Amino acid sequence: MHSPDLLVIGAGPAGLSAAVEAASAGLDTVVVDEGVTAGGQLVKQTHKFFGNEGFFASVRGFEIARSLLEELVDFENVEIFQESSVIGVYEDGIPVLHLPSDTTRLFRPKRVVVATGASEKFLQFENNDLPGVYGAGAVQTLMNQFGIMPGKNVLMIGSGNIGLIVSYQLVQAGVNVKAIVEIADRIGGYEVHADKVKRLGIPVLLKHTVTRALGVESVEGAEICEVDEKFSPIPSTARELVVDTVCIAVGLNPSVELIAQAGGQIRYVAELGGYVPVRDEDMRATAEGFFVAGDVSGIEEATTAMIEGRIAGLSVVRDLKGSTDENKVSRLKKELVGFRNGPISARVREGLQKLGFDVSSGESRTGNLNNPQKYRGKLRPIIECFEAIPCNPCETSCPTGAIVVGGNINDVPVIDYDKCNGCGICMTKCPGLAIFMLQELPDEDSALIGIPYEFIPLPSKGDQVHLLGRQGEMLAEGTVQRVFRSPHKTNSVYVKTPLELADKVRSIRPVLQEDNAFVCRCEELTVSDIEAAIDEGYTDFEELRRKLRISMGPCGGRTCRLNALRILSRKTGKSIEELSFGVLRPPSIPSTLGSIARQKGAEDD
Amino acid sequence: MTEKASVVVIGGGIVGTAIAYYLTIKGQRDVVVLEKNYLSSGSTGRCAGGIRQQWSEPSNVRLAMRSVRHFESFKKELGADIEYVQGGYLLLAFDEEEETLFRNNVEMQKKEGLEVSILSVDEVKKRFPYIVVDDVKSASFCPTDGHANPHLANFAYARAAKKNGAWIYTHTRALGIDVENGQITGVETDRGYIKTGVVVNAAGGFSRQVGLLAGVDIPTESYRHQIMVTEPLEHILDPMIISFSRNFYMRQTVSGNIMMGQGDEDEKPSFNHDPSWRFLTQMSKKMPGLFPFLEKVRVLRHWAGLYNMSPDAQPIIDKAEDVSDYYCAVGFSGHGFMLAPAVGEGLADWIIDGSPKEVDLSNLGLDRFTGEVKREKNVV
Ligand SMILES: Cc1cc2nc3c(=O)[nH]c(=O)nc-3n(C[C@H](O)[C@H](O)[C@H](O)COP(=O)(O)OP(=O)(O)OC[C@H]3O[C@@H](n4cnc5c(N)ncnc54)[C@H](O)[C@@H]3O)c2cc1C
Ligand SMILES: Cc1cc2nc3c(=O)[nH]c(=O)nc-3n(C[C@H](O)[C@H](O)[C@H](O)COP(=O)(O)OP(=O)(O)OC[C@H]3O[C@@H](n4cnc5c(N)ncnc54)[C@H](O)[C@@H]3O)c2cc1C
Ligand code: SF4
Ligand code: SF4
């Protein structure tokens, strides 16, 4: 048994940074990591990173990992265990499974930094359990770490940054990426990443989805479909692509199992990627002695992960030694604020606000000239145009001259609500679909939101629709209040939303048809299985779990839990936040009885 | 929520829902079940689901045999498949003391009408070749023992009771029981007040606390018991296998997972539900020696539940003395799942007709702990 001052779980940028701070203050530190080499997501990244110069901007991911590791190897008080998975957090210690030797080792550290990063979200479609259907992370690991090609012809699902970057990397490795399909009507990732793959001639099929994988033993093809305005596949548009790999890149969920097992409170914050640990600014979680850092505390970037890791490390030092480099801590905290200042972090800021942080960031999200509070109740446009792009139709279309982009067409628009008469023309003219209309309603708890809408057919007044957020996440259901056809092709749809969602609802869509797709691969449960059980009256996640054995397979619910909760939320009308998350039981990684019996460094008991 | 009820059952585990079920099929109206969490959230949803008639106390044998008859007709009666399997229960004896105990037990059990026999080591080896029998002396085997899925059984009772008109309130906690002049007048819950004259304490691990709500002192304490389950394997094990001296039990679920657990003498009374590494370690060191195939099998999950214990490890099923119409069905230690059908039936009769009728609950009273306490020996 080993009782270090600090156990760091995960050797990604967050964990390594925490270890560096703890070790330089003289703490006896152990780092354990599942991967073959340290670095977490970084080792898979062969592209150049965006970011802040102090934190390795423009350096390639794996090089960042190497230089963090070099900092660590100089310390004698640090031990790093690779290919070592934490089995669970128990009242009597933290056992770690060493995969190559199939042995276990028990740690009883004084403090723990959980820096376990994130795991991939999973997508429901027919035959998604065929060999050849991979998550993007697995593909990256195979390719960039082990030099193994996942296949020859790949279909990529998802055009977020990960989907775009992995496609680029696949082409770099000589793999043919047949297409990237994206269900939304726009690319999810940064434009620059999208431009990169477009330049390679990879078609990005917007408003498309994968409906099933084809093949008997393994993937031999995939059927894709256009989707209608309700995001339902249009059967007549189905076509088959000959591919041997389907790569899913539809987002990440923070890996909160361990911190939850430790008794740390977790909360659903969609903006941060799903369930995240509740923690304070010093990265201290609510479980005694536990800290978190990096993607596990909310999906962000390597840069923020490194800053958070350092803060966590310094906080541990403060805890154990009574003092820490407070100047450094406050400098790091300032850097974090600065980093999250930009428009791209708007979502993260919203998420942090939900966790109770004050992130009033200086940057005003709408270029408002006047105090928006003064205009509560007035129908007015909300302009979400932050990238300095050469564009000004909003200015030129406004009949009252309320919007000013100014002399430099690259500037962002600024609006004067005193001049605005609420006509909504700007919304229908903006090519970026970056303008929305807002009016708080007299009943005090709802608002009217106008959304630019380019799908056919248009919904009609009275229709029920899903209200979606900026990333297409489902927020609630609402009713269409008004619809305006516009001669400029961009129509306007007005929906009523709860007031607290007024700042979030930016899109609408009805229910996706996905009845026979697997939600839980381990137990082979489909959407309709789950819906049927809910209809029978199993409306508690724990009851559902016991009835259907959902999330009782080897994956421990990593892939299916949230998807099942979404279905439950949709069927019961309760938000995911209201539903009970259920328990996360150890072991997090299935270990053999033999490996548990073979314990290293433990006194016999 | 209803404002009044004829009977309020506190606890939505197997015992509470079985009682509610039998009350409703015997015609009782306005039955309420209160469950502070979700159905099967207590010991029931955490138990191994073993159904065994091989006990050392005749009263337990009788109750278990009666329950087995109910389990046999469960599907027909309630229309629900609860994965009930009669694969037998194999009790391994590792020393002379155990052999003597089992021989005496078998004699008594046969008198009670149970089909049960002693198997020699060779017979054990032949019938269950996956067991390393080096240290085994003999075994006791009853083919009509078995196991079922506790969640499904719990849900099935609740649904049937509900269909027959009972109100099942989950996420509703009993906070207080009003008693005036020895008469119950109502139950305070966190979702409202229910007027009633009859309360049943079926609160499992929290039986003592729910007793105190009405001023009834029930001598029970709760202890953590842990259990683990492996990845699914091909079907290997028909019977549930158990040893008292080696301190384990094991069975294979219908889905193929091997489920096993043990007791821990060092455990202190508590409401602790956290699993410990010590348990996993002890099980992993112990089990592959007897069952070598387990060595390479992966542990999927591992959890803990409460054994609600009376001083003699037998249930307390009684009506309180000082508070009229306060019933309790508690203290089931490690065998409340299997006894629930008979207990539900007997208690329902008691409440409706004033006596448990055909179900013998005579040795299970609250007053039995004053003199010498005779402990059930066949427990893990
Ligand atoms: C394709 C892609 C491109 C990206 N591009 C950029 C970019 O350009 N700029 C940028 O700033 N960021 C980028 N990121 C994001 C960045 O990589 C992550 O935000 C960052 O790596 C998070 O760091 P982390 O330390 O929190 O987690 P990770 O890097 O995910 O590390 C977590 C580590 O914990 C280990 N672990 C998990 N569970 C256990 C366990 N039970 N036991 C032991 N070990 C465990 C994992 O094996 C892993 O090594 C990109 C991410 C991806 C996927
Ligand atoms: C690891 C383990 C293995 C076991 N194996 C077996 C086995 O193989 N065979 C067998 O027969 N038995 C077994 N048992 C024992 C069995 O689980 C219990 O005896 C049985 O489940 C008891 O059922 P119950 O309904 O009395 O209690 P529970 O299932 O605990 O139900 C009581 C319910 O009351 C609720 N409650 C408590 N207080 C309040 C309140 N104030 N208001 C509202 N609700 C309240 C609780 O939330 C709980 O759901 C095992 C137990 C454990 C822990
Ligand atoms: S809503 Fe009308 S008035 Fe207001 S900015 Fe747009 S065009 Fe101008
Ligand atoms: S028209 Fe749209 S994209 Fe162009 S500046 Fe105005 S708001 Fe921005």
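Restricting to region A:102-133, name every residue that is in a strand (DSSP E or B) and more than 23 Å from the chain's Cα centre (by Cα). A:103, A:104, A:105, A:106, A:107, A:111, A:112, A:126 - these are the residues of region A:102-133 that are in a strand (DSSP E or B) and more than 23 Å from the chain's Cα centre (by Cα).
Filtered by the rule that a residue be over 30 Å from residue B:129 (Cα atoms) and among the β-branched types (Val, Ile, Thr), region B:269-321 gives B:316, B:317.
Exactly one residue among A:243, A:197, A:250 is under 22 Å from the mean Cα position of the chain (by Cα) and open to solvent by less than 10 Å² (accessible area, probe 1.4 Å), and that residue is A:197. Within region A:573-590, the only residue that satisfies the criterion of being within 13 Å of another protein chain (Cβ to nearest Cβ), more than 18 Å from residue B:304 (Cβ to Cβ) and of a type in the set (Ser, Thr, Tyr) is A:580. Among strands (runs of 3 or more DSSP E) entirely within region A:229-294, having at least 2 residues that are farther than 30 Å from residue A:156 by Cβ singles out A:266-269, A:290-292. In region A:417-449, the residue that is nearest to residue A:399 (Cα to Cα) out of those that are of a type in the set (S, T, N, Q) and open to solvent by less than 80 Å² (accessible area, probe 1.4 Å) is A:428.
On the basis of being more than 22 Å from residue B:41 (Cβ to Cβ) and over 17 Å from the mean Cα position of the chain (by Cα), does residue B:300 make the cut? No. List pairs: first residue in region A:244-258 and within 14 Å of another protein chain (Cβ to nearest Cβ) and more than 7 Å from ligand 1 (Cβ to nearest atom), second residue open to solvent by 10 Å² or more (accessible area, probe 1.4 Å) and of a type in the set (Gly, Ala, Ser) anywhere in the structure, Cβ distance under 8 angstrom, at least six positions apart or on different chains. Short answer, once both residue conditions are applied: A:257/A:556; A:257/A:588.
For the criterion of being open to solvent by 10 Å² or more (accessible area, probe 1.4 Å), away from every other protein chain (no Cβ under 14 Å) and part of a loop (DSSP other than H, G, I, E, B), residue B:271 fails.
A quick yes/no check of all residues on (1) without any contact (Cβ under 8 Å) to a residue 40 or more places away in the chain; (2) among the hydrophobic types (A, V, I, L, M, F, W, C); (3) open to solvent by less than 10 Å² (accessible area, probe 1.4 Å); (4) part of a loop (DSSP other than H, G, I, E, B):
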| site | (1), (2), (3), (4) |
| --- | --- |
| B:2 | no, no, no, yes |
| B:36 | no, no, no, yes |
| B:41 | yes, no, no, yes |
| B:61 | no, yes, yes, no |
| B:83 | no, no, no, yes |
| B:90 | no, yes, yes, no |
| B:101 | no, yes, no, no |
| B:107 | yes, no, no, no |
| B:113 | no, no, no, yes |
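Looking at region A:99-111, which of its residues are more than 10 Å from chain B (Cβ to nearest Cβ) and open to solvent by less than 10 Å² (accessible area, probe 1.4 Å)? Once the filter is applied, which keeps residues that are more than 10 Å from chain B (Cβ to nearest Cβ) and open to solvent by less than 10 Å² (accessible area, probe 1.4 Å), region A:99-111 yields only A:107.
For the residues A:128, A:161, the requirement of being among the polar types (S, T, N, Q), away from chain B (no Cβ under 14 Å) and open to solvent by less than 10 Å² (accessible area, probe 1.4 Å) singles out A:128. Where strands (runs of 3 or more DSSP E) sit wholly within region B:140-228, those with at least 1 residues that are of a type in the set (Asp, Glu) occupy B:174-180, B:183-189. Looking across A:96, A:73, A:78, A:86, one residue alone is in contact (Cβ under 8 Å) with a residue 40 or more places away in the chain and away from chain B (no Cβ under 14 Å). It is A:78. Considering only residues in region A:398-409 that are modelled with pLDDT under 85 and open to solvent by less than 60 Å² (accessible area, probe 1.4 Å), the one that is farthest from ligand 1 (Cβ to nearest atom) turns out to be A:406. Which residues, taken from region B:43-59, are within 26 Å of residue B:362 (Cβ to Cβ) and assigned to a helix (DSSP H, G or I)? Of everything in region B:43-59, those that are within 26 Å of residue B:362 (Cβ to Cβ) and assigned to a helix (DSSP H, G or I) turn out to be B:44, B:58, B:59.
Among the candidates A:274, A:313, the residue that is open to solvent by less than 10 Å² (accessible area, probe 1.4 Å) and on the phi > 0 side of the Ramachandran plot is uniquely A:274. Take the conditions away from ligand 3 (no atom under 16 Å from the Cβ), under 30 Å from residue B:173 (Cβ atoms) and open to solvent by 40 Å² or more (accessible area, probe 1.4 Å) and apply them to residue B:96. Does it pass? No; evaluated as a whole, the condition is false for this residue.
Residue-by-condition table, conditions (1) hydrophobic (A, V, I, L, M, F, W, C); (2) open to solvent by 10 Å² or more (accessible area, probe 1.4 Å):
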residue	(1), (2)
B:194	yes, no
B:201	no, no
B:241	yes, no
B:245	no, yes
B:255	no, yes
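Just to be sure before I move on: is residue B:276 facing chain A (nearest Cβ under 7 Å), crowded, with 22+ Cβ neighbours inside 10 Å and either in contact (Cβ under 8 Å) with a residue 40 or more places away in the chain or among the polar types (S, T, N, Q) (or both) in the structure I sent? For residue B:276, the condition - facing chain A (nearest Cβ under 7 Å), crowded, with 22+ Cβ neighbours inside 10 Å and either in contact (Cβ under 8 Å) with a residue 40 or more places away in the chain or among the polar types (S, T, N, Q) (or both) - is not met. Against the criterion of being of a type in the set (A, V, I, L, M), open to solvent by 50 Å² or more (accessible area, probe 1.4 Å) and assigned to a helix (DSSP H, G or I), residue A:329 does not qualify. Restricting attention to region B:115-134, the residues being within 14 Å of residue B:240 (Cα to Cα) and open to solvent by 20 Å² or more (accessible area, probe 1.4 Å) number 2. Evaluate the following for residue A:312: is it at pLDDT 95 or above and either away from ligand 3 (no atom under 16 Å from the Cβ) or within 14 Å of chain B (Cβ to nearest Cβ) (or both)? Yes; evaluated as a whole, the condition is true for this residue. Among the criteria (1) within 26 Å of residue A:124 (Cβ to Cβ); (2) modelled with pLDDT of 85 or more; (3) open to solvent by less than 10 Å² (accessible area, probe 1.4 Å), the one residue A:493 does not fulfil is (1).
Looking at region B:272-281, which of its residues are within 12 Å of residue A:597 (Cβ to Cβ) and under 24 Å from the mean Cα position of the chain (by Cα)?
Taking region B:272-281 and keeping what is within 12 Å of residue A:597 (Cβ to Cβ), we get B:280-281.
Correct list: B:280 only.
In region A:255-274, the count of residues that are aromatic (Phe, Trp, Tyr) and at pLDDT below 90 is zero. Looking at region B:54-74, can you tell me whether even one residue there is in contact with a Cys (Cβ under 8 Å, 6 or more places away or on another chain) and more than 11 Å from ligand 2 (Cβ to nearest atom)? Yes, region B:54-74 contains a residue that is in contact with a Cys (Cβ under 8 Å, 6 or more places away or on another chain) and more than 11 Å from ligand 2 (Cβ to nearest atom).
The values are calculated or read from the model by the stated rules, or taken from the named source; none is laboratory data. Note that the structure is predicted; figures quoted are calculated from it, not measured. A quick note on method: Cβ atoms are made from the backbone with ideal geometry, for glycine too, and the neighbour counts reach across all protein chains shown. When the accessible area is computed, the model is the full protein with side chains, heavy atoms only, and any ligands, DNA or RNA have been set aside. Shrake-Rupley method; radii C 1.70, N 1.55, O 1.52, S 1.80 Å.
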